[in-house]
Amino acid sequence: MKKCSALVTKATAAVARLATVARATFEPGRGDGKQERRSMSKSLLASTAVIAAVIALVAGVARATPGSGTTPTVVARAAFADRVDLKLSVRDGHQGRDNIHVRNVADTVMQQIQFGPNAFSGWHSHPGPAIILIKSGKLTFYSEDDRECRGRTFSAGQAFIEAPGLVHYAQNPSPTEITEVGVVYLDVPDDLASPRIDELAPGNCPF
């Protein structure tokens, strides 16, 4: 939600700037007519640019995809006492091999997440790799590189790894059962309060 709030703040500032430029553009001025027309032309161009920026920012805010029905709880957070370089190689049989190399890993965050019936996470990413363990129920995972939006469902007792920066979406496919998940987030910067980064929908799925 931090990214969404920042966009709203930017959009508000842009609207305020637009009002100022508009006043400068349309209020009558003094002096030479040609100079005034040139000034108005420049102001009009500036107004157009600001309007375009506001539209883009507001559209971005409107397309943000927050989750629903999830209850995340941070269990622990800590930094490694020694320097740790991490290398992972994942071959999932669906997207092929994914090699992950993280140097000097930052904070590690452990989190428990409960997905209510039909709950979903919304589109988001993480700054570093994440290890997801399904404690109970099922979880369907969609990602930006799944062009056909087929998703992959994991069941209780299974675990999988998310690559750093991968935009993805998780959903409890059951209309009646609760899904419980444990997650270990690696390489979370110490100045980042949450391991979650809200993202816009990548467009490969209808949600």
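Points worth noting:
- Strands (runs of 3 or more DSSP E) wholly inside segment 106-161 that include at least 3 residues being within 20 Å of the chain's Cα centre (by Cα) and buried (at least 17 other Cβ atoms within 10 Å of the Cβ): 107-120, 138-143
- Neighbours by Cβ (under 8 Å, 6+ apart or cross-chain): first from segment 70-89, outside any strand (DSSP E or B); second surrounded by 11 or more Cβ atoms within 10 Å (Cβ to Cβ) and of a type in the set (D, E, K, R): A79/D107
- Of all residues in segment 190-207, those that are within 12 Å of P127 (Cα to Cα) have Cβ atoms under 9 Å from Cβ atoms of residues that are assigned to a strand (DSSP E or B) and acidic (D, E), 6 or more apart or on another chain, in D190/D107; L192/D107; P195/D107.
- Only one of the numbered conditions (1) small (G, A, S); (2) in contact with a Gly (Cβ under 7 Å, 6 or more places away or on another chain); (3) farther than 23 Å from N204 by Cβ is not met by A159, and that is (2).
- Selected residue [farther than 16 Å from G67 by Cβ and among the aromatic types (F, W, Y)] from F141, F154, F120, F115: F154
- Any hit, segment 123-130, residues being more than 17 Å from I197 (Cβ to Cβ) and of a type outside the set (F, W, Y): no
- For D98: the one exception among (1) part of a loop (DSSP other than H, G, I, E, B); (2) farther than 17 Å from A76 by Cα: (1)
- Checked against (1) farther than 16 Å from Q111 by Cα; (2) modelled with pLDDT of 95 or more, V181 meets all criteria but (1).
- Annotation note: of P175, P164, the sole residue that is surrounded by 15 or more Cβ atoms within 10 Å (Cβ to Cβ) and in a loop (DSSP other than H, G, I, E, B) is P164.
The values are calculated or read from the model by the stated rules, or taken from the named source; none is laboratory data. Just so you know, these numbers come straight off a predicted model, no measurement behind them. Ideal geometry is used to build each Cβ from the backbone, glycine not excepted, and the neighbour counts take in all protein chains shown.
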